[in-house]
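Okay, so here's the structure we're looking at.
The values are calculated or read from the model by the stated rules, or taken from the named source; none is laboratory data. Computed from a prediction, not measured in an experiment: that's the story for all the values here. Using ideal geometry, Cβ is built from the backbone for each residue, glycine included, and neighbour counts are taken over all protein chains shown.
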């Protein structure tokens, strides 16, 4: 799926995974942020694989889950049915328009979201945490970027515009 997208800042994840960018086929969707300024859609997801080259602090803390935000730009024709927070989803991407645009289907646990966007995406706010017994992500997060570490020790409430609106 990542092969269908042009990830502008892919090196952020490539430095953690020796086999390249992780697949986004089976992820846990934590939140969806719609931004009219883009128009943009930002998905906050738990990746299905923990990195094989994590920072030493992540390894020492016994963390087991990586979370990040993926921002899609120039979004059109968005449709969302049956939102179920923290849904396990499959994200399918199909190229349109000679690769400049893509169509995304986000499907899982009683929800379906679809939209078209530019094939160029951004990744940000990468963190790792120890998933709770109930699957929650409310505990301490260890952010990859220093600025995120200074500002946050956990994922802020969805009303925090700078966290959800800017990568």
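Filtered by the rule that a residue be without any contact (Cβ under 8 Å) to a residue 12 or more places away in the chain and surrounded by 13 or more Cβ atoms within 10 Å (Cβ to Cβ), the range 133-150 gives a lone residue, 149.
I'm checking my understanding of the structure. Among residues of the range 21-37 that are within 17 Å of the chain's Cα centre (by Cα) and in a loop (DSSP other than H, G, I, E, B), which one is surrounded by the fewest Cβ atoms within 10 Å (Cβ to Cβ)? Even if it seems obvious, please write down each step before you answer.
Step one: list which residues in the range 21-37 are within 17 Å of the chain's Cα centre (by Cα), which gives 21-35.
Keeping just the survivors that are in a loop (DSSP other than H, G, I, E, B) gives 21-25.
Values: 21: 18, 22: 19, 23: 15, 24: 22, 25: 13.
Among those residues, the one meeting the criterion is 25.
Among the conditions (1) under 19 Å from residue 39 (Cβ atoms); (2) free of Cβ contacts under 8 Å to residues at least 60 places away in the same chain; (3) not in a strand (DSSP E or B), the only one that residue 164 does not satisfy is (2). Here residue 115 passes the criteria (1) touching a residue at least 60 places away in the same chain (Cβ under 8 Å); (2) out of contact with any helix residue (DSSP H, G or I) (no Cβ under 7 Å at 6 or more places or on another chain); (3) within 17 Å of residue 86 (Cα to Cα) except the one numbered (3).
Any chance you could count how many residues in the range 95-110 are in contact (Cβ under 8 Å) with a residue 40 or more places away in the chain and more than 21 Å from residue 39 (Cβ to Cβ)? Qualifying residue count, the range 95-110: 1.
The residue of the range 1-20 that is modelled with the lowest pLDDT, among those that are surrounded by 13 or more Cβ atoms within 10 Å (Cβ to Cβ) and closer than 14 Å to residue 119 by Cβ, is 1. Across the range 70-94, the qualifying residues are those that are in a loop (DSSP other than H, G, I, E, B) and touching a residue at least 40 places away in the same chain (Cβ under 8 Å), and the one among them that is surrounded by the most Cβ atoms within 10 Å (Cβ to Cβ) is 75. Please determine, by comparing only the residues of the range 109-121 that are surrounded by fewer than 18 Cβ atoms within 10 Å (Cβ to Cβ) and under 16 Å from the mean Cα position of the chain (by Cα), which one is nearest to residue 72 (Cα to Cα). Ranking the qualifying residues of the range 109-121, first place goes to 120. For the range 153-165, indicate whether the set of residues that are under 17 Å from residue 13 (Cβ atoms) and within 14 Å of the chain's Cα centre (by Cα) is non-empty. Looking for residues that are under 17 Å from residue 13 (Cβ atoms) and within 14 Å of the chain's Cα centre (by Cα), one finds none in the range 153-165, hence no.
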